[in-house]
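Here's the structure, in structure tokens; my notes come after.
No lab work stands behind these numbers, since they all come straight from the coordinates. In this text, all values refer to a predicted model and were calculated from it rather than measured experimentally. Glycine gets a Cβ as well: all are built from the backbone with ideal geometry, and neighbour counts include every protein chain shown.
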Amino acid sequence: MKVFLDGGLTEDSLIKDLLEPGFLFGWGVFETLRVYNKKPAFLSEHIKRLRQGCERIFLEFPGIDFKKEISRLLEENNLTNAYCRITVFKKRKSTGVMIYTADFKYYTDEDYKKGFKAVVSPIAKNSRHPLCGIKPISYLDSRYAWKIAQDKGVEEAIFLNEKGFLAEGSRTNLFFIKGKTLFTPSLECGILNGITRVKAIETIKSQGYRLEEGEFQLEGLLNSDEACLTSSLMEVMPLVEVEGKSIGSGKPGGISSDILSGYRDLVARD
């Protein structure tokens, strides 16, 4: 059968994965991670969450040696420090898997010296949604919020949940700091329990800082001494402005730097 694609006709057999439920309906989950010196960081944790995501959306987990296949891709593509995305999606009669790797060129030393700015997303995060806490490939809310941030000339969008409490960024988890105490939205706020979030919490506790997880108002973030964003690709990025208001001095703070250093130590030991 012929189908129309990108200005011309092609055989449906050549684009069969595009016609599967995973791509037609966003039925799938994914993981993104960084590769440092040919080693995927915290791969076992990512695969564990991938498996849990598959269970949540009634998707059979694929019998693939992810470490072996990622290593093969890195070798084939001649990559050392890389971006890696694993996508697992629903097919009519099986489970599809795609692993993509590329040279990592996202964040520079200058980014960490300047920090990122953010706006508040016009979309609320629904903490009651039954699929909270997984990484679905139906990711439009996050991409929509991020596009609005980009159009406003900033790097991130912060979600509030339906109760008006802080949740997470479009691609990140959120921490803010007052004195020697760090605050981060709890899982009950409807957030993803990011792998880097978990490692950042481990670092925070090991460095002797106090941590509070809970429900927090936007004002708490706006009136904090400093703040930071975490993700597997971003690591720990200082957040210096939200909605045009400077966080603390408007420059990256020392505690955020401590957490970044501690996180990179964990990566090196993984």
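Overview of results
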quantity: For segment 109-269: Kirkwood Rh in Å [reciprocal of mean 1/r, alpha carbons]; calculated: 15.5
quantity: Among 75, 215, 156, residue whose mean-square fluctuation peaks in a GNM of the chain (springs only between Cα atoms under 10 Å); calculated: 75
quantity: Segment 45-202, Rg to Rh (Cα coordinates; Rh as Kirkwood inverse mean 1/r); calculated: 0.98
quantity: Isotropic mean projected area of the C-alpha convex hull, segment 2-103 (nm²); calculated: 7.5
quantity: Helix-only CD estimate at 222 nm, as mean residue ellipticity for the chain, using -39500 (n - 2.57) per DSSP H run (n ≥ 4); calculated: -9000 deg cm²/dmol
quantity: Between segment 45-67 and segment 98-125, the Cα center-to-center distance that results, in Å; calculated: 25
quantity: Where labels lie 7 Å past Cα in the beta-carbon direction, separation of residue 202 and residue 9 in nm; calculated: 5.7
quantity: Square roots of five times the Cα gyration tensor eigenvalues for the chain, Å; calculated: 33, 22, 18
quantity: Amide H within-cut-off set for residue 169, under 5 Å, with H built and near neighbours excluded; calculated: 159, 174
quantity: Proximal lysines to residue 38, defined as alpha-carbon separation beneath 25 angstrom and excluding residues fewer than eight positions away on the same chain; calculated: 48, 67, 68, 105, 135, 199
